[in-house]
Amino acid sequence: MLFKLIVVGAVLYGLYRLAGGTLLPKKPKNQPEETNDDGDTLVECKTCGTYVVKKEALFYKGEWYCSRECLP
Ligand SMILES: [Zn+2]
């Protein structure tokens, strides 16, 4: 009786490992290759001409702006 429970547990654990083994490696492969592009790229503010890092710049109607003060 107890042995049967251990076998069932082992099978379930095997299936769990199998599912985890196939699901986890998918994440790094799904990442797009252009992820390192929008990190430290500099963009020019349309209003004042200041160059700011893209991740801190504001994109509005096809143009880049350094801050809310420069937004039209
Ligand atoms: Zn500006």
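The values are calculated or read from the model by the stated rules, or taken from the named source; none is laboratory data. Here the structure is a predicted model, which means the values were calculated and not measured. Positions of Cβ are generated from backbone atoms using ideal geometry, with glycine treated the same way; all protein chains shown enter the neighbour counts.
What tally of residues in region 24-54 results from selecting those that are exposed (fewer than 10 other Cβ atoms within 10 Å of the Cβ) and modelled with pLDDT of 90 or more?
Within region 24-54, the subset exposed (fewer than 10 other Cβ atoms within 10 Å of the Cβ) is 24-36, 39-40, 49.
Still in the list and also modelled with pLDDT of 90 or more: 49.
Here the count works out to 1.
Please list, ordered by first then second residue, the pairs with beta carbon atoms under 6 Å, 6 or more apart or interchain, first in region 50-72 and outside the structural domain of Asp40 (by TED's automatic domain parsing), second within 9 Å of the ligand (Cβ to nearest atom).
Once the first residue is outside the structural domain of Asp40 (by TED's automatic domain parsing) and sits in region 50-72, no partner that is within 9 Å of the ligand (Cβ to nearest atom) comes close enough.
For region 50-64, give me the residue count where each residue is in a strand (DSSP E or B) and over 18 Å from Asp40 (Cβ atoms).
Kept after step one, since they are in a strand (DSSP E or B), are these residues of region 50-64: 51-53, 58-60, 63-64.
From the residues that got through so far, the ones that are over 18 Å from Asp40 (Cβ atoms) too are 60, 63.
Residues flagged as in a strand (DSSP E or B) and over 18 Å from Asp40 (Cβ atoms) within region 50-64 amount to 2.
What number of residues in region 50-70 are more than 12 Å from the ligand (Cβ to nearest atom) and at negative phi?
Start the filter on region 50-70 by keeping residues that are more than 12 Å from the ligand (Cβ to nearest atom), which leaves 53-55, 59, 61-62.
Next, only the ones that are at negative phi stay: 53-55, 59.
Adding up the residues that qualify gives 4.
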